[in-house]
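Student: Could you have a look at this structure, given as structure tokens, before my questions?
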Amino acid sequence: MAKLLLLTFFVFATAGAQTTHHVNWGIGVSPSQTTITIEKGDTVMWMWTSAHPHTVTNKPGSTEIFDSGTITGIGQTYSHTFTEVGVNPYVCLIHASMQGTITVEETMGTKNNKADLFEFYPNPVTDVVTINAEKNINNITVFDMQGRKVMETTGGNPTSKIYMSAYPAGTYIFNVTAGEETQTISVVKK
């Protein structure tokens with residue numbers, strides 16, 4: 001009985017702890033920006049940053065099979081939730097120079113409950129901004145200081161990671177919505 005209670009507690013404590021990793025996908029994005037390590041159960045969302053047609057397709061030997069099919073248009077997205085531990089090299093079948101690797105590791109533990117509705121870190125950032133929320137994140141919009149929208153995406157999990165290494169240095173405004181709550185924060189990119 002004690003084991004059953006402990007297992008039930010663990011399942012509920014870890015439920016909803018997955019992260020959505022947002023990766024820019026387009027011509028000129030280097031493999032260092034598209035090669036990431038995630039935890040089992042995390043989702044990767046690729047966002048098209050060029051108007052050209054692209055695919056996100058696993059390479060032979062990948063632990064998981066995934067294929068976006070051909071998608072065209074800036075701001076289009078493709079998501080895949082990784083459920084198996086392993087290495088997943090991938091490529092755009094149209095532009096062979098566009099490639100990366102998703103390494104999936106076993107979940108390392110539970111996340112702590114946050115006192116605040118949203119948590120952003122690090123700030124300033126050099127490459128990845130992590131956003132934690134109490135509820136699933138519905139929407140993230142990022143603007144530069146000229147008011148131009150540089151990214152808009154959905155979340156789907158209580159944690160999202162925005163990969164900013166390709167963004168120029170400067171200050172960005174993040175609008176994040178989770179449930180009925182929205183928060184705006186300035187993030188400095190070094």
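The values are calculated or read from the model by the stated rules, or taken from the named source; none is laboratory data. Computed from a predicted model, the values in this text were never measured in an experiment. Methodologically, a virtual Cβ is constructed for each residue, glycine included, from the backbone with ideal geometry; neighbour enumeration extends over all protein chains shown. The area values use the complete protein model at the heavy-atom level, side chains included, leaving out ligands, DNA and RNA. Shrake-Rupley method; radii C 1.70, N 1.55, O 1.52, S 1.80 Å.
Student: Could you tell me the calculated FRET efficiency between S165 and E106, based on Cβ-Cβ distance and R0 = 35 angstrom, to the nearest 0.05?
Tutor: Approximately 0.85, to the nearest 0.05.
Student: Let me ask you something else. Heavy atoms only, probe 1.4 Å: what % of the accessible area of the chain goes to carbon and sulfur, would you let me know?
Tutor: Of the solvent-accessible surface of the chain, carbon and sulfur hold 56 percent.
Student: If you don't mind, there's one more thing I want to ask. Can you compute the helix-only [θ] at 222 nm over the chain? Use -39500 (n - 2.57) per DSSP H run of at least 4 residues, normalise by all residues, nearest 500 deg cm²/dmol.
Tutor: Here the helix-only value at 222 nm equals -2500 deg cm²/dmol.
Student: Taking only protein heavy atoms into account and a 1.4 Å probe, give the accessible area per residue of the chain in Å².
Tutor: I get 51 Å² per residue for this part.
Student: Moving on. When only alpha-carbon atoms count, how far does the range 85-184 stretch along each of its three principal axes, as whole angstroms with the largest first?
Tutor: Cα extents, longest axis first: 41, 39, 23 Å.
Student: Same structure, new question: Highest mean first, what order results for 34-42, 71-79 on Cβ atoms within 10 Å?
Tutor: 34-42, 71-79
Student: Let me ask something additional. What list of ³J(HN,Hα) couplings, whole Hz, do you get for the range 65-73 from phi and the Karplus terms 6.51, -1.76, 1.60, once you set θ to phi - 60° and write x for glycine and proline?
Tutor: So the J values, rounded to whole Hz, are 9, 8, 7, 6, x, 7, 10, 10, x.
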